[in-house]
Amino acid sequence: MGETLILIIFAVSGIIIGGIITGTIMNRALERKRDSLLKEAMDKAEVVKKEKILQAKEKFLQLKGEHEKFVHEKNEEVARNENRLKQKEGSLNQKVEELAKKQKEITVIKQNLTQQLEILNKKQADLDKALKIQVEKLEAISSLSAVEAKSQLVETLKEEAKSEAIVQIKDIIDEARLTANTEAKKIVIETIQRTASEHAIENTVSVFNIESEEIKGRIIGREGRNIRTLESLTGVEIIIDDSPDAIILSGFDPVRREIARLSLHKLVTDGRIHPARIEEVVAKTRKQIEQEIIETGKRISIDLGIHNMHHELVRMIGKMKYRSSYGQNLLQHSIEVAKLSATMAAELGLNPKLAKRAGLLHDIGKVPDNEPDLPHAILGMKTAEKFKEKAEIINAIGAHHDEIEMNNLISPIVQVCDAISGARPGARREVVEAYIERLKHLEELALSYPGVVKTFAIQAGRELRVIVGAEKVTDAEANQLSFDLSKKIQSEMTYPGQIKITVIRETRAVSYAK
């Protein structure tokens, strides 16, 4: 028991002593390790410090080099500027010396001129004195002063000049009287003889020939619906009577009559005649006539050698084919005036192309789509001005009926040629023109009311058909419109017999099955 205790004590003591020794050894090892790490860290820090110092020195040296280079460049630039300034200063000094030299030369020249001027003044005084002495001697000899002698001389010269001028003027006037009429007649006669144009008289009716009487019934249609549709779409009265193999188309507007005639021809040739087909054919024919108008204008312009004309003016020229002036076809009249004007201008030594262009366009104011209350010459002048025609042509158009003053030689030529063309026997009929103007006025009167879409004067002006928009005019308003129109026509127009006013209002509902 006692030995065991002693052994335990020795064992515990050995363990304690071993732990102390082990701790001591470990502490020493840790101290050595710490010293080693500290030394190593200090060595690394020293190395990093040296590297940073080296980098800082390199950066400083780099910046120093750049600064020195910048300073060197600036110094060189300053030196160059100093050299330029020195050169300019030298050049300025040289110029100053030259100016001073020239100033001296000018001073010398001025002194010389002054001396010469004094000599001239002295000589002029001597001449004036000598002239005065001579004048006094002449006055003593002639017993007249210089002023009186000059006045007598001037009066004598005036009288002689007047006498000679009067004689010459009389000779010129006598010669002009003898030759003017002869020359004028010669030019006009040669112009007329050298110009040949076709002439046509437009009527207010067209005749449509048919092969059989059966076609008349098909054109009339059930309860007259076909003929009513044709009349309402074309604005032409279709007269179907006992005339064999013929239908009469009556209307003052030749374009409408031509549309109606061609539409009837297509319908009869095709064989299908009903309202829907009539509307389709009339629409196509209207487009065809419009295209034909443009082609006619182009062809006439090319035939006459007139180029670079606005397309709207070309269209108006083509439209002249379907217009008449006092029964004379307007296109043929304008072509005739153009050729006459060109010939007369050539005889007088003027520009024939300019005169021909003015002659062709002189009545352009008769064919606008909208006809305002202006003389056709003024309207034509404004139209030509709108489409950038030359000033001479514009003046010739506006002055050919003396509405404005003529300012060039082309204007009287166009006026004379217009009179020559219109004065030809049988060329014009005043009654037809007055009739057409009355029908146009009748249609325009109805168009002035609101809601009116189209107006057609038919039956030689005895009936006025007015088509109104169904969405704009009610049935009651249509009746009132008819009454108001009748009263206005009675108060503003003069006409034979009576005029029937028919107001047409219809509503259509259209849809398509696909």
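Values computed for the structure shown
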quantity: Packing-based order for 92-100, 401-409, using average beta carbon neighbours within 10 Å, highest first; calculated: 401-409, 92-100
quantity: Debye intensity ratio I(q)/I(0), log10, region 36-117, q values 0.11, 0.13, 0.17, 0.24 Å⁻¹ (C-alpha model); calculated: -0.67, -0.74, -0.87, -1.05
quantity: Rounded accessible area per residue of region 260-374, 1.4 Å, Å²; calculated: 42
quantity: Translational diffusion coefficient (Stokes-Einstein; Kirkwood radius from C-alpha pairs) of region 436-514 at 25 °C, 0.890 mPa s, in µm²/s; calculated: 184
quantity: Cα radius of gyration and Dmax for region 235-344 (Å); calculated: 17.2, 55
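The values are calculated or read from the model by the stated rules, or taken from the named source; none is laboratory data. Computed from a predicted structure; not experimentally measured. Note that each Cβ is placed from the backbone with ideal geometry, even for glycine, and that neighbours are counted across all protein chains shown. We work out accessible area using only protein heavy atoms, side chains counted, and drop any ligands, DNA or RNA first. Shrake-Rupley method; radii C 1.70, N 1.55, O 1.52, S 1.80 Å.
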